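Written out below as structure tokens is the structure these notes cover.
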Amino acid sequence: MRRYTGYVTAVAARTLGPSLLPEDLEEVVSDVFVTLWLRSGDIQSGPSLRPWLAAVARNKAADRLRRTRGVLPLSDTLPAVGDLPEALVERQECHAQLRRAVEAMEEPDRTLFLLYYYEDQPLKEVAPRLGLSLAAAKARLSRGRKRLKETLLKGGIDHA
């Protein structure tokens, strides 16, 4: 748990987005590790554990979102100035446009971006899986970031 809690939390947080409370995120992460415990006899430790944990985290987070759809959590504190509804909506739209732009990328760039930026997998592990050298993967990420910036600027996002 110590080794993978941060990773599972990051994957689940991306799926949950900013709409749910921190307690919801903690519960999803706990559910992932309970599932790991229950399925421990079926799962082997090693390089396949990390992607398995990511898949379970995304699924548990998506289940949580489906269960709470339409229910807005009430906070005990006032939102910060940066958390005004307009700012939240703008940030969510920016994230949605970025995700659509990444999904529209050609392979292997799309998979490279998703694994590296969205699933936080190390580039030295991602590159060989995609048949790329580390230098080629870095070059593709650099060119891809420039293309994403151009796409987002054309789409009206000025702080790409």
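The values are calculated or read from the model by the stated rules, or taken from the named source; none is laboratory data. Here the structure is a predicted model, which is why all the values come from computation and not from measurement. Cβ coordinates were reconstructed from backbone atoms using ideal geometry, including for glycine residues, and neighbour counts include every protein chain displayed.
Residue check: is residue 40 at pLDDT 75 or above, among the hydroxyl-bearing types (Ser, Thr, Tyr) and surrounded by fewer than 11 Cβ atoms within 10 Å (Cβ to Cβ)?
So residue 40 fits the description; yes.
Within the stretch 85-96, count every residue that is loosely packed, with under 13 Cβ neighbours inside 10 Å and among the aliphatic types (A, V, I, L, M).
Matching residues across the stretch 85-96 total 2.
Could we say that residue 35 is at pLDDT below 75, of a type in the set (S, T, N, Q) and either assigned to a helix (DSSP H, G or I) or over 22 Å from residue 9 (Cα atoms) (or both) here?
No; evaluated as a whole, the condition is false for this residue.
One line per residue, one yes/no per condition, for (1) surrounded by 14 or more Cβ atoms within 10 Å (Cβ to Cβ); (2) at pLDDT 85 or above:
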position	(1), (2)
98	yes, no
109	yes, yes
119	yes, no
125	no, yes
130	yes, yes
136	yes, yes
143	no, yes
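Of all residues in the stretch 1-27, which are charged (D, E, K, R) and either surrounded by 18 or more Cβ atoms within 10 Å (Cβ to Cβ) or in contact (Cβ under 8 Å) with a residue 12 or more places away in the chain (or both)?
14, 24, 27
Considering only residues that are surrounded by fewer than 14 Cβ atoms within 10 Å (Cβ to Cβ) and within 19 Å of residue 122 (Cβ to Cβ), look in the stretch 43-68 and name the one that is modelled with the highest pLDDT.
The extreme case among them is 55.
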